[in-house]
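Input: a single structure, listed below in structure tokens.
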Amino acid sequence: MDGHLLADEGQFGWCLATASVPGTSHSRRELPCQDAYKLSHCAIGDEVITVLLAADGAGSALHAALGSEMACSHFLDYFEAWCSSHSSICEFNYPTALQWLNAVQEQIKDASESIHANINDFATTFLAAVIGSSVSIFIQIGDGAIVRDDPDDEKSYCWIFWPEESEYANSTHFITDARASDHLLYTTTTYPVHKLAVFTDGLQRLALHIASKSVHDPFFEAMFTTLEQHCSESSQNSEWLASFLSSNAVSRRTDDDVTLLLAARR
Amino acid sequence: MPESFEQIPYEHSIVPYDPQIFADNPEPRCPCLLLLDTSGSMAGRPISELNAGLQAFKQQIRVDELASKRVEVAVVTFGPVKCEADFQTAEFFEPPTLSAAGDTPMGAAIARALSMINERKSTYRNNGIEYYRPWIFMITDGSPTDSWRQAAEQVHKAEKNKQVQFFAVGVKGANFEILREISVRAPLLLDGLRFGDLFTWLSNSLGAISHSSLTEEVPLANPTAPHGWASVG
């Protein structure tokens, strides 16, 4: 876990678990896991912000794994710098997210040029959940999803952005696209988040009902129940989650890389 | 795939095992329409090799569990233009046995194929089913006996709008000049009557696409590689 942002590591009042396992079709094609993720905490003013990030490198992109890793690292660095020059999370807004997007594209472009590659070789999706004590910010480009506890119904969960409608099952948007800013999804909430899940598209069909555009509550109920059972363990004991994501039950239903980050307020 | 007899931790202690925890979504579909020339000139060995190829295709695609649920196959023959098999998942696809006779109304056949693809997409949309970009895979050994320019235009437009992917394979004797005007990508000349290899390539390609949540552009094996089943027509 990248916890270098705060001196006092710990959970800051959260149960956390993260895991990422390569897809069986990736192993068959001798591709590494092309998902990346980060979970960290940042201080701003009196608040501790919890940041959950995931990115899914495009299967055909030569440097996909690098692209997804860069997207996450860059955002964390950017956000850390932003926190140190602002006094409240409420100051973060859509233009800030756009500025980040431009900056990360620049960085990836530079990296690509230095190895005589193309920016599209680093194509990746990106999901970010920035959770404060009451305000939270969500940013996304491409598929995958962010799910939170439903503020109106403690037994339910709701999605933040529905995976964008594109005609075909296997097309999505990437942070490296020329028109990425057209597809930058951004929203905030003032309903405090108690439970949060961030996942790349490998889990979409297992956790969401496509036809009705809704969240499959039992999946998240099972995840958060198990998360709470493991809460007293070390800050990120995610072995149970990695084991679950590698299980037959999951790999029978998806052969893509699966990445899942879970956070529940204690 | 044989089930392991070893106790799998997840299923016994970590996450309460209940298949209900997973959402039940229909599989995304990968539709492929086979547009096959069954005109008189295909009589004899060509049509019997084609029939054998179709049987092999059925077997091969079923080996892949995920592909058999996702790939959908329809068969339209010409001439006359006839829908021999409407779209159904590979799991249940039974190739019709084709016989050769008749002329080559390629224009009408292509128009029919495009219209069936559009109808299928509508059906998917009405049922909340996701799908991959459909394929039309045409095999012919002759020249169109009807007017084909309008159909060619429709193919070009559909390709431009990324509505379909159209592949043309000519058996020896096919009119490649016309095929080059119809198909956006270079038509292929089948090596002899290697339908078996053609259909192996097709089932592998569709299989790869049906597994792809990875990428839009799935790299396909090159049929015109040395020892490949085709050359550029």
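The values are calculated or read from the model by the stated rules, or taken from the named source; none is laboratory data. Fair warning: this is a prediction, and the values are worked out from it, not measured in the lab. With ideal geometry, Cβ positions are generated from the backbone for all residues, glycine too; neighbour counts draw on all protein chains shown. Heads up: the accessible areas ignore ligands, DNA and RNA and are worked out on the full protein's heavy atoms, side chains in. Shrake-Rupley method; radii C 1.70, N 1.55, O 1.52, S 1.80 Å.
Observations on the model:
- Where a residue in the range B:106-129 is free of Cβ contacts under 8 Å to residues at least 60 places away in the same chain and its partner, wherever it lies, is open to solvent by 50 Å² or more (accessible area, probe 1.4 Å), with Cβ under 6 Å and at least six apart: B:Gly107/B:Ser147; B:Leu114/B:Gln154
- Residue check for B:Gln60: surrounded by fewer than 19 Cβ atoms within 10 Å (Cβ to Cβ) and under 29 Å from A:Asn170 (Cβ atoms): no
- Within the range A:178-209, the residues that satisfy the criterion of being surrounded by 19 or more Cβ atoms within 10 Å (Cβ to Cβ) and within 14 Å of chain B (Cβ to nearest Cβ) are A:Ala197, A:Phe199, A:Thr200, A:Asp201, A:Gly202, A:Leu203, A:Gln204, A:Arg205, A:Leu206, A:Ala207, A:Leu208.
- Scan of the range A:36-92 for residues that are among the β-branched types (Val, Ile, Thr) and touching a Phe, Trp or Tyr at 6+ places or on another chain (Cβ under 9 Å), ordered by number: A:Ile44, A:Val48, A:Ile49, A:Thr50, A:Val51
- In the condition set (1) under 30 Å from A:His216 (Cβ atoms); (2) modelled with pLDDT of 95 or more, A:Gly142 is compliant with all but (2).
- Boolean, A:Tyr168 is modelled with pLDDT of 90 or more and more than 19 Å from the chain's Cα centre (by Cα): no
- Counting the residues of the range A:161-177 that are of a type in the set (A, V, I, L, M, F, W, C), in contact (Cβ under 8 Å) with a residue 24 or more places away in the chain and open to solvent by 30 Å² or more (accessible area, probe 1.4 Å) gives 2.
- Restricting the range B:73-83 to residues that are part of a strand (DSSP E or B) and without any contact (Cβ under 8 Å) to a residue 40 or more places away in the chain, the residue that is surrounded by the fewest Cβ atoms within 10 Å (Cβ to Cβ): B:Cys83
- Considering the range A:114-131, and only residues there that are part of a helix (DSSP H, G or I) and open to solvent by 30 Å² or more (accessible area, probe 1.4 Å), the residue that is farthest from A:Asp35 (Cα to Cα) turns out to be A:Ser114.
- Scan the range A:239-254 for residues that are open to solvent by 10 Å² or more (accessible area, probe 1.4 Å) and not in a helix (DSSP H, G or I) and the total you get is 3.
- When B:Leu66 is tested against (1) within 19 Å of B:Gln165 (Cβ to Cβ); (2) touching a His at 6+ places or on another chain (Cβ under 8 Å), just one condition goes unmet, and that condition is (1).
- Flag for A:Asn170 being within 30 Å of B:Val71 (Cα to Cα) and not in a strand (DSSP E or B): yes
- Residues satisfying the stated conditions in the range B:206-220, i.e. of a type in the set (A, V, I, L, M) and modelled with pLDDT under 80: B:Leu214, B:Val218, B:Leu220
- Looking at B:Val164, B:Val155, just one residue is more than 14 Å from every other protein chain (Cβ to nearest Cβ), under 26 Å from B:Ala208 (Cα atoms) and in contact (Cβ under 8 Å) with a residue 40 or more places away in the chain, and that residue is B:Val155.
- Residues in the range A:168-194 that are touching a helix residue (DSSP H, G or I) at 6+ places or on another chain (Cβ under 8 Å) and of a type in the set (D, E, K, R): A:Asp177 alone.
- One residue stands out in the range B:18-47 among those that are more than 29 Å from B:Gln165 (Cα to Cα) and among the small types (Gly, Ala, Ser): the one that is surrounded by the most Cβ atoms within 10 Å (Cβ to Cβ), namely B:Ala23.
- In the range B:59-72, the residues that are in contact (Cβ under 8 Å) with a residue 24 or more places away in the chain and on the phi > 0 side of the Ramachandran plot form no Cβ pair under 7 Å with any partner that is in a strand (DSSP E or B) and buried (at least 17 other Cβ atoms within 10 Å of the Cβ), whether six or more places apart or across chains.
- All of B:Leu198, B:Leu202, B:Leu190, B:Leu179 fail the test of being open to solvent by less than 10 Å² (accessible area, probe 1.4 Å) and within 30 Å of A:Gln204 (Cβ to Cβ), apart from B:Leu202.
- For A:Pro218, the criteria (1) touching a residue at least 40 places away in the same chain (Cβ under 8 Å); (2) at the interface with chain B (Cβ under 9 Å from one of its Cβ atoms); (3) more than 16 Å from the chain's Cα centre (by Cα) hold in every case but one, which is (1).
- Verdict on B:Ala168 being in contact with a Ser or Thr (Cβ under 9 Å, 6 or more places away or on another chain), modelled with pLDDT under 90 and within 20 Å of B:Gly53 (Cα to Cα): no
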